[in-house]
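Take a look at the structure set out below.
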Amino acid sequence: MSFTYDDVGATREQHHCPPGFRPLHVRTRLGEGEPVFRRAAEAVLTWEMHRAMGVGIEAGAERAAPGVDVTVTLAGMIKAPCRVVWTLEEPRRAGWAYGTLPGHPESGEEAFVVDRTGDGTVWLTVHAFSRPATWYAKAGGPAARAFQHAYARRCGTVLRRLSGGDED
């Protein structure tokens, strides 16, 4: 299966959004220090964050890696097939991005990156670009867009808990 959009890998550039797509950028403070960073990075790279959010994850590998197919299931009904397009594992940054495959309600790419800044603060950034690909995503209009933002914010809340970061 091929991707449902042309700019595969474009989420590597955090504020890039191809023409005709809607951008999403949500950054959440997780806490401070190397232990928080390590736990958060591992939770993102092993799908633990997504599973802890209550979404179904079927992945072709235990860990995110380029080329791994992933199907996210929402509410037990909506299946969203994706493929990991890039990963990142550096001393102060870790994460991955997936691109949509045929059958996904949206077309585009979404990245989940944990980083530790110079002052030791740990952040999760969810960066994406998308556009509706199914009739029900198009019909959802602003409600579908609000769901995407809420999902990105929830990623931060769940990852903060998993990493032992700051209290809400």
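Scanning the stretch 87-115 for residues that are open to solvent by 10 Å² or more (accessible area, probe 1.4 Å) and in a strand (DSSP E or B) yields Thr87, Leu88, Glu89, Arg93, Tyr98, Glu106, Glu110, Val113, Asp115.
Tell me, please, whether a residue that is in contact with a Leu (Cβ under 9 Å, 6 or more places away or on another chain) and more than 25 Å from Arg12 (Cβ to Cβ) can be found in the stretch 56-75. Checking the stretch 56-75: at least one residue is in contact with a Leu (Cβ under 9 Å, 6 or more places away or on another chain) and more than 25 Å from Arg12 (Cβ to Cβ). The combined condition, being surrounded by fewer than 20 Cβ atoms within 10 Å (Cβ to Cβ), among the small types (Gly, Ala, Ser) and under 15 Å from the mean Cα position of the chain (by Cα), is not fulfilled by Gly60. Screening the stretch 1-42 for residues that are part of a loop (DSSP other than H, G, I, E, B) and of a type in the set (Val, Ile, Thr) and picking the one that is surrounded by the fewest Cβ atoms within 10 Å (Cβ to Cβ) gives Val8. Number of residues in the stretch 58-82 that are without any contact (Cβ under 8 Å) to a residue 12 or more places away in the chain and of a type in the set (Lys, Arg) equals 0. Residues in the stretch 75-86 that are over 17 Å from Ala111 (Cβ atoms), open to solvent by 40 Å² or more (accessible area, probe 1.4 Å) and assigned to a strand (DSSP E or B): Ile78, Lys79.
Here the stretch 54-74 is the region considered, the condition is being among the acidic types (Asp, Glu) and part of a strand (DSSP E or B), and the residue that is farthest from Arg160 (Cα to Cα) is Asp69. Under the condition of being assigned to a loop (DSSP other than H, G, I, E, B) and modelled with pLDDT of 95 or more, which residue from the stretch 43-53 is surrounded by the fewest Cβ atoms within 10 Å (Cβ to Cβ)? The extreme case among them is Thr46.
When Arg161, Arg153, Arg131, Arg145 are checked against the criterion of being surrounded by fewer than 19 Cβ atoms within 10 Å (Cβ to Cβ) and not in a helix (DSSP H, G or I), a single residue qualifies: Arg131.
Let's see how each residue does on (1) of a type outside the set (A, V, I, L, M, F, W, C); (2) more than 12 Å from the chain's Cα centre (by Cα); (3) modelled with pLDDT under 95; (4) closer than 20 Å to Pro132 by Cα:
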| residue | (1), (2), (3), (4) |
| --- | --- |
| Val72 | no, no, yes, yes |
| Ile78 | no, yes, yes, yes |
| Trp96 | no, no, no, no |
| Thr100 | yes, no, no, yes |
| Glu110 | yes, no, no, yes |
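The values are calculated or read from the model by the stated rules, or taken from the named source; none is laboratory data. What you are looking at is a predicted structure, and each value in this text was computed from that prediction instead of being measured. Cβ atoms come from the backbone with ideal geometry, glycine included; neighbour counts cover every protein chain shown. Remember, those area values only see protein heavy atoms, side chains included, never the ligands or the DNA or RNA. Shrake-Rupley method; radii C 1.70, N 1.55, O 1.52, S 1.80 Å.
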